[in-house]
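Okay, so here's the structure we're looking at.
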Amino acid sequence: MKTIIDQISDIVSQGFAMAGYDASYGKAGISNRPDLCEFQCNGAMAAAKEYHKAPIEIASDVCAQLADNPAFSDISAAAPGFLNISLADEYLADYLNKMEDADRFGLDTPPSKRIIVDYGGPNVAKPLHVGHLRAAIIGESVKRICRYFGNEVIGDVHLGDWGLQMGLIITELRERKPYLEYYNDDYTGPYYSQPPFTLAELEEIYPCASARAKADEQYKEAALEATRQLQEGKRGYRALWRHIMEISVPDLKRNYRDLDVEFDWWKGESDVDDLIADMVNDMKKDGFAYESDGALVVDVAEDTDTREVPPCMILKSDGASLYTTTDLATLLYRRNMFDPDQVIYVVDKRQEMHFIQVFRCAKKCGIVSEDTELDFLGFGTMNGKDGKPFKTREGGVMRLETLISDIRETMFHKITDNHETDPDEARETSGIVALSAIKYGDLSNQATKDYVFDTDKFTSFEGNTGPYILYTIVRIKSILNKYTESAGIAAGADEKLPHRIGVPSGGSEKALMLDLAGFSNVLWSAYEEIAPHRICAYIYEICNDFNRFYHETRILTEEDAARKDGWIALLLLTRRILETCIDLLGFSAPERM
């Protein structure tokens, strides 16, 4: 089913052709002057040069051809050459009814692709903190949007589980518990079946070791050596590494589950370690990698670069691998396992140069095929009201579970203060609404931009917030429930509700209908631009227009049965589209608030 914009464009293009002009000038779009019209076409101004005529003359010629078209209630030419268009009420209602009957509301999807979304990227042995929030929230939404378009999509957490942080932990453990057999090269017996440390100990060990390494060069060298021995297969260190993974990964999964974020692959840097040696040898053999100041590098600069793009370093001068090495090996692993058409990286935007180097090196060295799409979605920083990275009141980095708990508690008090409710139900509802506050607060901002996480603003039931969106959905549910009760229809039996939307009887109703008709256009924009914030802006507009319609219309007390049924059908479609959109954003709506 064509989008509403494409259908209008087809009609206007026919008008251009009938008036003797090239049909390609008939591209229409949403009006930037909604006080004048609903849609507009600027093609006459582009055509003026080719046809040596004033744009207003061309627009008037096209307008004359379309004056009686049943799709339009009004079409007029306006200086200097705009075509101003408003849809006929019957045409709009018919389009919505076709959306109601169609799969995915008539969204046409392209041929299916295999896509991997790389998001998350936490280091094991460390708790998730607010710095991990954006990758998780944005990546989860991108994954869901890609799946909605019929693609085969894998979400990969890409754990940091093989670098210096492991050497730091092992070194600190050795100093604290030197009696453990893991450090004894002569020991050949079995190791402990349970980790010789707790999760709490582990989470304290890493920051302690990291701080000490910055101040003590000898300690840092010991950690680097421990990292090297781990990666080379030292038996005791591998056993310690497995213990670290055994207690860290379940905790990470629990935290992501609380955020309603799911990964299909729990792969890490360690999973590609055995691919690195052959990959590096192939780079050398094929003449791509060469030594520079002792390090192994691949040139990735291009003639069209407007800024310096340094060579991609594959191995350091001591032979150690880097993030570029494991990222390239990960691409090789993904090609072997899944052969993706596209890989989308949801990563801090400060890593842009790193991924430029990795992408170019991967293409140049044949690690991925030339037609594989490699996309970098760099996100900005989540800041506090002071404009600096979000911290606790004490100035430390806030744990993610603390942020979620605080927002849940805030929502619980707001819900219970507003009206009497069962405490258990209020707790459950507050968790759902809190998630909407956090996710919508993040996703409503363009991913590449920094933004301020304002708890008071994001938890408000008014304005451009998640709770406002959910409150609107709950309001629609309440109206539909009252209708089903009065009509003797079982709760949840949507199939027994009216499904034929009637022509609009007022401006607020038509505004809502026009919003809903734009569903496919918005989804395509969010998909092609990898931009969940497009969906946020869309549903905020729907909610605003619905609430205006609601306040102006006595839906349940309307005596005209046909009109009332048309409104119920409109509400049902509105609810379905809003619920679809918030699911793509990664949260859901409760039954009551």
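The values are calculated or read from the model by the stated rules, or taken from the named source; none is laboratory data. What you see is a predicted model, and the numbers here were worked out from it, not measured in a lab. Here the Cβ positions follow ideal geometry from the backbone for every residue, glycine too, while neighbour counts run over all protein chains shown. Calculation scope for accessible area: heavy atoms of the full protein, side chains included, ligands and nucleic acids excluded. Shrake-Rupley method; radii C 1.70, N 1.55, O 1.52, S 1.80 Å.
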Taking R0 as 25 Å and r as the Cβ-Cβ distance between Cys208 and Glu401, the FRET efficiency 1/(1 + (r/R0)^6), rounded to the nearest 0.05, comes to 0.75
Please list Lys214, Lys2, Lys285 from largest to smallest accessible area, probe radius 1.4 Å, with all protein chains kept in place. Lys214, Lys285, Lys2
Within straight cross-link reach of Lys220, meaning Cα distance under 21 Å, which lysines are found once same-chain residues fewer than 8 apart are removed? Lys126, Lys177, Lys234, Lys316
All-pairs Cα distance distribution in region 135-282, expressed in whole percent, bin size 5 Å: 2, 8, 15, 18, 17, 14, 11, 8, 4, 2, 1, 0
Say each of Glu175 and Asn481 gets a label point 7 Å from the Cα, pointing the same way as Cα to Cβ; how far apart are those two points in nm? 5.9
Share of the chain's accessible area from carbon and sulfur, percent, 1.4 Å? 47
Report the accessible area of Ser60, computed with a 1.4 Å probe over the heavy atoms of all protein chains in place, in Å² rounded to the nearest 10. 60
Please give the Cα centre distance for region 29-78 versus region 522-593, rounded to the nearest Å. 31
What distance in nm lies between label points placed 7 Å from Cα along the C-beta direction at Glu591 and Asp185? 6.6
Straight-distance crosslink candidates among aspartates and glutamates, where the alpha carbon sits under 14 Å from Lys388 and sequence neighbours closer than 8 are dropped: Asp450, Asp454
From the phi of every residue in region 14-29, what ³J(HN,Hα) in whole Hz does the Karplus formula 6.51 cos²θ - 1.76 cosθ + 1.60 yield, where θ is phi - 60° and glycine or proline is x? 4, x, 4, 5, 5, 8, x, 10, 5, 5, 5, 7, x, 5, 9, x
Can you sort Val142, Val452 by solvent-accessible area, 1.4 Å probe, largest first? Val452, Val142
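Give the average over all directions of the projected area of the C-alpha convex hull of region 442-593, one decimal, in nm². Spell out each step's value before the answer.
Numbers: hull surface 37.9 nm².
Dividing the Cα hull surface by four gives the mean projection, 9.5 nm².
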Keeping every protein chain in place, order Lys439, Lys284, Lys510 by accessible area at 1.4 Å, biggest value first, i.e. largest first. Lys284, Lys510, Lys439
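Compute the convex hull volume of the Cα atoms of region 505-593, divide it by the residue count, and report the result per residue in Å³ as a whole number. Walk me through the numbers on the way to the answer.
Details: hull volume 8.8 nm³, N = 89.
Roughly 99 Å³ of hull volume per residue.
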Compute the distance from the alpha-carbon center of region 148-191 to that of region 487-511, in whole Å. 57
Rounded accessible area per residue of the chain, 1.4 Å, Å²: 46
For the residue pair Arg563 and Ala88, what label-to-label distance in nm results when each label sits 7 Å from Cα along the Cα-to-beta-carbon direction? 2.2
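Computed FRET efficiency, Cβ-Cβ of Asp583 and Asp454, R0 22 Å: what is it to the nearest 0.05?
Working: r = 25 Å, r/R0 = 1.14.
For Asp583 and Asp454, the calculated efficiency is 0.30.
Charges at C-beta only: +1 for Lys and Arg, -1 for Asp and Glu. How large is the resulting dipole of the chain about its Cα centre, in Debye rounded to 20? If you can, show how the numbers build up before the last one.
On the way: 65 positive and 98 negative charges, 136 e Å.
Using only the charged Cβ atoms, the result is roughly 660 debye.
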Among Asn544, Pro195, Ala289, whose Cα lies farthest out toward the positive end of the dipole of the chain, if unit charges sit on the beta carbon of Lys, Arg (+1) and Asp, Glu (-1)? Pro195
Counting only Cα atoms, I'd like the Rg/Rh figure for region 38-116, Kirkwood definition for Rh. 1.18
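At 222 nm, what value in deg cm²/dmol follows for the chain if DSSP H runs of at least 4 each add -39500 (n - 2.57) and the sum is divided by all its residues, to the nearest 500?
Details: 20 runs with 308 residues, N = 593.
Helices in the chain give a 222 nm mean residue ellipticity of -17000 deg cm²/dmol.
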How about Lys482: which lysines have a C-alpha closer than 19 Å to its C-alpha, ignoring those fewer than 8 places off in the same chain? Lys496, Lys564
Could you tell me the accessible area of Lys388 in Å² (1.4 Å probe, neighbours in place), rounded to the nearest ten? 130
For a Förster distance of 22 Å, can you work out the FRET efficiency between the beta-carbons of His413 and Asp386, rounded to the nearest 0.05? 0.35
In whole Hz, the Karplus estimates of ³J(HN,Hα) for region 460-467 (6.51, -1.76, 1.60; θ = phi - 60°; x where Gly or Pro) are 6, 8, 10, x, 7, 9, x, x
Potential extension, Ala54-Glu291 segment - 0.36 nm per residue separation minus Cα distance: 78.9 nm
Once phi is turned into θ = phi - 60°, what whole-Hz ³J(HN,Hα) does the Karplus curve with 6.51, -1.76 and 1.60 give for every residue of region 421-426, x standing for Gly and Pro? 7, 5, x, 5, 5, 5
Give the accessible area for Met593 in Å² (nearest 10); use a 1.4 Å probe, count only protein heavy atoms, and leave out ligands, DNA and RNA. 30
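If you average the sequence gap of Cα pairs under 8 Å that are 6 or more apart and divide by the length of the chain, what percent do you get for the contact order? The partial results should precede the final answer.
Numbers: 931 pairs, mean separation 85.0, N = 593.
That works out to 14 percent.
Please report Rg over Rh for the chain, where both radii come from the alpha carbon positions and Rh follows the Kirkwood definition. Spell out each step's value before the answer.
Working: Rg = 29.0 Å, Rh = 27.7 Å.
We get a ratio of 1.05 for the chain.
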